[in-house]
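Chemist: Before I ask anything, here is the structure I am working with.
Coordinate-derived values only; no laboratory data. The model shown is predicted, which means the values in this text are computed figures rather than measured ones. Every residue, glycine among them, receives a Cβ derived from its backbone with ideal geometry; neighbour counts consider all protein chains shown.
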Amino acid sequence: MNNFFKVVGFELNNYFKSKAYILTTVLITAFLIVGICLPSMVDLSGIIPQLATEEKAEEDEKAKSEEDKSKYAIYDENNIIDMEYLKSFYPNSEWQTASSNDELEKLVKDGQVEGGFEVESLTKYTYFVKNKGLHDSEQAVFDQALGYMYKQQAISEKGLDFNEIDAIYNMPIESNVNVLGKDSSENYFYAYILVFVLYFMIIMYGQLIATSFGLMRYEIPMFGLYGACSTMGEALSLGAMCVNAGYAQNVIAIASSHFASAEKQFRYPLEYGNQRPVASTWTVTGAGAYIVGDKPLDKKKCVLIKGITTGKIVDYGVKDSMNMGACMAPAAAELIEANFKDLDVDKDYYDAIFTGDLGEIGNRILSELLKEKGIDIADKLYDCGMLIYEGETKCSGGSGCGCSAVVLGSCIMDRLIRGEYKRVLFVPTGALLSTVSYNEGKSVPGIAHGVILEGKES
């Protein structure tokens with residue numbers, strides 16, 4: 001909590017230093033004071049009817065109450081309903097008595113009453129309504145009224161006092177609680193506050209600042225990485241280099257994404273409610289963490305990072321922030337081509353190639369770009385975003401830093417450990433944009449990083 005208050009204090013201090021913030025605050029405060037005090041100093045009833053005298057307000061309220069009375073009709077051929085008792089269930093209402101079923105239907109159909117009831121007995125009736133709404137509760141109230149009438153009649157016929165029996169069934173229970181230790185029953189209130197604060201921080205500042213403050217308490221060396229949706233590949237690459245060079249024995253590579261924060265930070269706020277095109281991807285709320293070390297913690301559940309290919313920024317001039325696949329596909333094509341040339345291998349070297357979050361459209365673009373380079377890997381090419389939303393038609397696929405991170409742990413590494421794959425090229429992709437750059441009309445460059453993963457049998 002001390003760290004939390006430090007952040008709040010820092011932000012408030014920055015706000016108070018701003019002349020625009022001070023001026024706006026003063027003007028709003030002055031406006032509120034004038035708005036609150038003006039009715040007590042000046043008679044505005046002639047200008048604003050709502051500010052009329054108390055007597056007049058009461059008269060108007062009474063007249064309005066008469067106008068707002070709910071109107072119902074009832075056809076009770078056998079005269080079994082106690083109307084005064086029924087009205088107690090319908091406060092501020094007027095009732096008409098119909099002489100026939102046809103008259104009842106006509107009253108409802110012409111809109112003279114809101115609803116009509118044809119009563120056959122205390123346990124059977126028909127409800128007439130012209131247009132039944134979603135929150136129509138009139139029938140439920142009538143059920144309750146008839147239920148009470150039936151119980152009262154049945155109990156009275158047996159020579160018993162209904163009020164006594166009703167008092168027995170509805171006896172109020174008095175209870176006292178004597179807490180001898182710590183009372184944690186109200187702690188949920190603080191949980192709600194903390195959840196709201198966390199959500200507020202994510203919405204206001206994005207998930208990058210949340211990562212910084214979330215990991216601060218661990219007090220261990222940290223590199224804050226950002227390569228958009230390619231961050232998982234970047235983290236594994238740098239972690240592997242640190243371990244291989246002897247700078248660390250164990251490194252944790254982490255990447256995560258959150259749907260609401262990513263959409264706000266890089267596309268449109270959810271409150272905007274924009275229509276998503278077919279090419280759009282859906283940010284995955286998820287996270288993946290992997291230990292990169294010089295010695296396996298469990299030889300049966302380890303995967304070897306055989307090599308890496310660091311990608312470069314590629315810009316084909318695509319400006320559509322809702323079509324990330326088209327923005328990132330060129331970078332993935334450049335990375336795969338560079339990997340094949342650097343290692344002097346072809347597609348048969350890998351059992352599968354997994355891109356990060358190109359989606360269905362980006363995946364097709366990547367295949368076509370590679371064919372132009374003389375590389376046909378359509379039969380070995382998979383996309384993490386497509387695997388997450390496999391079978392879904394509402395979007396092109398998944399995206400976000402957590403997209404490839406989740407699929408890597410739940411699918412790719414599992415198959416490598418089981419021996420289904422011997423060698424895989426893992427290619428997370430990222431779109432390097434921001435809301436500012438997009439609004440300025442800038443294009444959306446892409447980047448991709450390649451990580452060669454081998455199973456224990458390789």
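Chemist: Report the calculated FRET efficiency for LYS19 and MET216 (r = Cβ-Cβ distance, R0 = 35 Å), to the nearest 0.05.
Modeler: Details: r = 32 Å, r/R0 = 0.91.
Using R0 = 35 Å, I get an efficiency of 0.65.
Chemist: Quick one: which of LYS312/LYS341; LYS300/LYS422; LYS319/LYS380; LYS347/LYS371; LYS299/LYS422 span more than 21 angstrom between C-alpha atoms? Intermediate results must be reported in sequence, preceding the final value.
Modeler: Details: LYS312/LYS341 15 Å; LYS300/LYS422 14 Å; LYS319/LYS380 29 Å; LYS347/LYS371 12 Å; LYS299/LYS422 16 Å.
Among LYS312/LYS341; LYS300/LYS422; LYS319/LYS380; LYS347/LYS371; LYS299/LYS422, the Cα-Cα distance tops 21 Å for LYS319/LYS380.
Chemist: Would you mind computing, in nm to one decimal, how far apart the modelled labels at SER437 and TRP95 are, each placed 7 Å from Cα along Cα→Cβ?
Modeler: 7.2
Chemist: Give me the extension gain from ASP414 to TYR226: residue separation times 0.36 nm, minus the current Cα-Cα distance, reported in nm with one decimal.
Modeler: Details: separation 188, 0.36 × 188 = 67.68 nm, distance 2.60 nm.
Here the segment from ASP414 to TYR226 would lengthen by 65.1 nm.
Chemist: ASP82 versus ALA289, label points 7 Å from Cα toward the beta carbon: distance in nm?
Modeler: The modelled label-to-label distance comes out at 6.7 nm.
Chemist: Need one number: nm distance between label points at THR123 and LEU304, each 7 Å from Cα along Cα→Cβ, rounded to one decimal.
Modeler: 8.1
Chemist: So if I place +1 on the C-beta of Lys and Arg and -1 on the C-beta of Asp and Glu, and nothing else carries charge, what would the dipole magnitude of the range 257-359 be about its Cα centre? I want it in debye, nearest 20.
Modeler: Details: 12 positive and 14 negative charges, 78 e Å.
In debye, rounded to 20, the range 257-359 gives about 380.
Chemist: In the range 224-340, if the dipole is taken from +1 on Lys/Arg beta carbons and -1 on Asp/Glu beta carbons about the Cα centre, which of MET232, ALA262, ALA329 is farthest to the positive end?
Modeler: MET232
Chemist: If you place +1 on the Cβ of every Lys and Arg and -1 on the Cβ of every Asp and Glu, how big does the dipole about the Cα centre of the range 379-440 come out, in debye to the nearest 20? Don't skip to the answer; put the middle values down first.
Modeler: Values: 6 positive and 7 negative charges, 60 e Å.
With Lys and Arg at +1 and Asp and Glu at -1, about 280 debye.
Chemist: Find which of GLY409, SER399, VAL424 sits farthest along the positive direction of the dipole of the range 226-454, computed with +1 on the beta-carbon of Lys and Arg, -1 on that of Asp and Glu, about the Cα centre.
Modeler: GLY409
Chemist: Compare the Cα positions of GLN112, PHE162, TYR75 along the charge dipole of the range 70-164 (+1 at Cβ of Lys, Arg; -1 at Cβ of Asp, Glu; about the Cα centre) and return the one farthest towards the positive end.
Modeler: Result: GLN112, furthest along the dipole toward the positive end.
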